[in-house]
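For reference, the structure is listed below as C-alpha cells.
None of the figures in this text is laboratory data; all of them are computed from the coordinates on show. Source: prediction; values computed, not measured. Positions of Cβ are generated from backbone atoms using ideal geometry, with glycine treated the same way; all protein chains shown enter the neighbour counts.
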Ligand SMILES: Nc1ncnc2c1ncn2[C@@H]1O[C@H](COP(=O)(O)OP(=O)(O)O)[C@@H](O)[C@H]1O
Ligand SMILES: [Mg+2]
C-alpha cells in the first residue's frame, strides 16, 4: 500500500478551473495508485467530469499540476498527454460516427507508420502488413467485448450500451498506462453493468491502472480498490469504501444523499 | 490636416452605411449559429428594388421608394429563412452546411438579379446633390440624410432592444436559445421578427451604399461584404452594440487610410486589422458571455 | 462539326480539371471536416503562379508587366506552382486553424479570399491588377508547332494523365492510416486528440494537399485561357465546387468526377455553348448559374450522401480475407436497454 501511494501512476495537485465565473474545480489534489481500480465519486456537479477533462487536456486548467507516471504534463495538449499513456472515455459517448466499428478501434492504435504519408508512399508493403496485424488485434478486442458482429457497422448506428463498450475497446487498443472512465455504466441495463464491471477488473488484472467516475456505490464497493470523494470541486477524502462509510463528513456531504437517492429509485 | 478632416467626414458617412448593414447581420447571427453569406445580396436587393420602383415601375420618388424596397427585403428575408435556411439548419447540425446553403442563395440571387437588372451601372432618378462644407467636413445633402437616418435607426434599435417586451425577448433568444425555449417565448415569432429586421437593415444598408457611391451595380454590395464582416467581427459576432462601434471604427479606418496608403486597398485595411486582432483575441474584441 | 467537336473537347477538359479541383475540396471538407471556404483562392493562386512561373519577366510599364517571370516550360510551371500554393495553403491553415473557432474560421476564410481578390484587382506590381496575366504560353504548343485546336486535344490528354495520377494519390491517401486520422478529425476532433492524434498538424497537412489540388486545377484553367485576371475567378465560385462534391458524393473520389461532369456539362459549359451559339444572349447561361444553387439545395435535402456515396471499408478490405474468428455476440447487448 505504501508503495502504491509513494509512486502513483497519476497525480493532481491543486487543480482549479472556472467557467465564466462559475467555479467547477477548486483545488483537486489526489493520487491514483498503480494497478488498481480507483473510483472518483461525488454529487452531481461536483466537478468530476471537469477533473477528467483537465487531466486529459481537453480543457486547460486555470492552475495546478498533473503528472502521469512521474512526468509533469501540466499544460500539455490533449494528444501529447494521450501519447504519454493516458486514455479516457466520455460520459456521453463520443463515437467516430461516420467510420466503422473496426475503424474506430484501428484509428486509436499507437505508433502506426502509415500515419506518416512518406511511409504510405515509400513503404506501402510494410504499412499494409501493419494494417493487417492491427485489424486482427482490433477484431480480438471486439470479440472480447462482444462487438465482433458489429465490426462493419457505422458506429453512429450503435445503441447506447454498444457505444459505451466501443469507447472502452477504443481505449484498450491503445494499451494505456492509465485509463479514465467517465460513468462507463450509466444508462445501460443491469446485466451489461455486471459485464462491464468484469471487463474493468480484467483490465486491472492485466496490469492497467484505472480511474472511474461512478455514481452507484454498490458497484464502487464491489469492484473499486480505492475511492476519491470530490465535493464542490475539492478533494474531500480518499480511502477504501468501507473507511469512507465511517467518515462523518463524507456521509454528510455525499453518501447519505446518494444512498437515499438509490433507495428512492 | 484639412484633407484629413474631409476623409474623416467621408469615414463617418461610410460608418453610417456599415452600421446599418452590420447591425442587421449581427442580429441574425445572434439567433442562428451560422453566417448568412447572401447578406451582400440582400443589400443589393434593397438597392435594386429601389431602382425598380424609382426608375422602372411606379416611378416613385426615391425617398418613397427606398423604405418600401427595404421592407420588401425584410419580407424576403423572412421567407428565405422559413422555407430555405431554417429547414436546413434544423436538419444538419454542422453550421458549415447551412453556410454553404447561404452561398447557394447568394449565387442564386446574384444571377437572377443580373438577368433582371443586367450587369450595368445604374443610377437613381434623383436630383444631383452637390457636396457642401459643414464645419471641416464635406458632405452632400443626400449623404447627410443617410447619416442622420442611420443615427436615428441605431437609437431606435437601442430603444427596441432595451425598452420593449419584443426587444427583451429578442435578446433572450439571442443570448440563450434553450433558455428562451423553456421560458414561454414564442420563438417562431421572434425569429421571424429578427429576420425581418435583418433584411430591412440589409436593404437600408444597400440603399445607403448606393446613395453614398451615387450609383449601383448588381455586385457592388458583394465587394463590400467583408467590410461589414470586419465590423461584425470587431464588435464580437452577435453583439449589436459591438457592431455599431465596429462600424464606426471600420468606416473611419477605411476612409482615412488613403492618406497613408494606396486608395485601392482602403477596404482591406479594416480587415487586416481585424485578422491581426483575431489572432490575439480569437473570441472577438467584445466577447459575449453565454455563447460557447 | 469541328467547332462542335472542339467544344466537346473543351468541355471534357473542364470536367477533368474540376474533377481534380473537387478531389482537393473533398479531402479538406468531406474527409477532414474543415469549412474551407477559401478554396477558390487556392485555385486562383495556382493559376497566377502557373502564369508567373511560365511567363518571361516583363518590367512594369504603364501598369502592365510582372514583378517576376521565370520563363519555365509550362509543364514544369504547373506542378511547381501547385507545390508553392500547397505551402501557402498550409501557412494560411497554420495561422487560422490554430486559434479560431468554427464560425469565425468560416467567416475569416471567406473574408481572406475576398480581401485577396480585392488586392488582385488593385495590385499592379505583382499580378497586373485588372489586366491580369496575358499571353500565358500554351505548354508544348511551341515545341511541337501545333495550332490551338490540336493543342486542346493534346492538353486534354495531359490533363487526363494528371487527373488519373492525382486520383490514385487521393485514393491511396484516403485509404491509408493517415486518411483514417483525417476522417476521425472530421467525425470528432476532440476524440481524435484524445486518442493521441495531433489534430492541428493533420489539418494543416490536409490543407496543403487540398491547396496543391486546387492549384493544379487553377493552373490548367489559366493555361487553357492563356490568361488570368480578377474576372477569371470570384471567391464565391467555391460554391460551385462544393456543389460538385455534395451532388457527386461527399468523401467519394468517383463522386467528385460525377459531380464535376454533371455541373460542367449541364450547368456551366453546356449552357454557355447553347447561349452563345443558338440563343445569342447570355441570359440562359446566367439562369443556369442560378440553377446551380437550386440543384445544391435539392441534392442536399433529398440525397445528402450524394450520387456516389462514401464507401465504408469492411473488415475483409483490411484483412485481405474473410475474418476467421467465430461470431461472438454479447448477449447482454440484446436485452432492452434503459435509455
Ligand atoms: N463547459 C462548461 N461551461 C460552463 N460550465 C461548465 C462547463 N462544464 C462544466 N460546467 C459546470 O461545472 C460544474 C461541474 O460540472 P461537471 O464536471 O460536469 O460535474 P460532474 O461530472 O461531477 O457532475 C457544474 O456546475 C457545471 O455546470
Ligand atoms: Mg459528469
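What the table below lists for this structure:
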| item | result |
| --- | --- |
| Prolate/oblate/rounded label for segment A:24-159 (Cα gyration tensor, a/c 1.5) | prolate |
| Segment B:142-281: C-alpha gyration tensor shape, a/c 1.5 cut-off, then a/b vs b/c | prolate |
| Paramagnetic reach from residue A:63 (point 7 Å along Cα→Cβ, amide N under 17 Å) across segment A:22-57 | A:22-30 |
| The protein assembly as shown - mean residue ellipticity at 222 nm from DSSP helices (-39,500 (n - 2.57) per run, n ≥ 4, rounded to 500) | -18500 deg cm²/dmol |
| Two-site label geometry, residue B:156 and residue C:9: point separation in nm, points 7 Å out along Cα→Cβ | 6.2 nm |
| Chain A: relative contact order in percent, alpha carbon pairs under 8 Å with at least 6 residues between | 27 percent |
| Intensity falloff of the protein assembly as shown expressed as log10 I(q)/I(0), Debye formula with alpha-carbon point scatterers, at q = 0.04, 0.05, 0.09 Å⁻¹ | -0.22, -0.34, -1.02 |
| Cα centroid separation, segment B:26-45 to segment B:197-225 (Å) | 13 Å |
| Calculated on alpha-carbon atoms, Rg and Dmax of segment C:106-188 in Å | 19.9, 54 |
| Label-point gap, in nm, between residue B:120 and residue B:3 - each point 7 angstrom along Cα→Cβ | 3.6 nm |
| Cα pair distances exceeding 29 angstrom across chain A, given as percent | 33 percent |
| Segment B:11-223 shape via C-alpha gyration tensor axes, a/c threshold 1.5 | oblate |
| Where labels lie 7 Å past Cα in the beta-carbon direction, separation of residue C:274 and residue A:14 in nm | 7.5 nm |
| Rg/Rh (Cα only; Kirkwood hydrodynamic radius) as it applies to segment A:17-87 | 0.95 |
| Set of segment B:187-214 residues, backbone N closer than 20 Å to the point 7 Å along the Cα-Cβ line of residue B:134 | B:204-214 |
| Angle in degrees between helix B:240-256 and the longest Cα principal axis of chain B, rounded to the nearest 10 | 30 degrees |
| Translational D in µm²/s for segment C:1-91 (Stokes-Einstein at 10 °C, 1.306 mPa s, Kirkwood Rh from C-alpha pairs) | 104 µm²/s |
| Computed E for residue C:266/residue B:79 - FRET, C-beta separation, R0 30 angstrom, nearest 0.05 | 0.60 |
| Inter-part distance where segment C:143-192 and segment B:75-151 are each reduced to a Cα centre, Å | 39 Å |
| Radius of gyration and Dmax over the Cα atoms of chain C, both given in Å | 21.9, 81 |
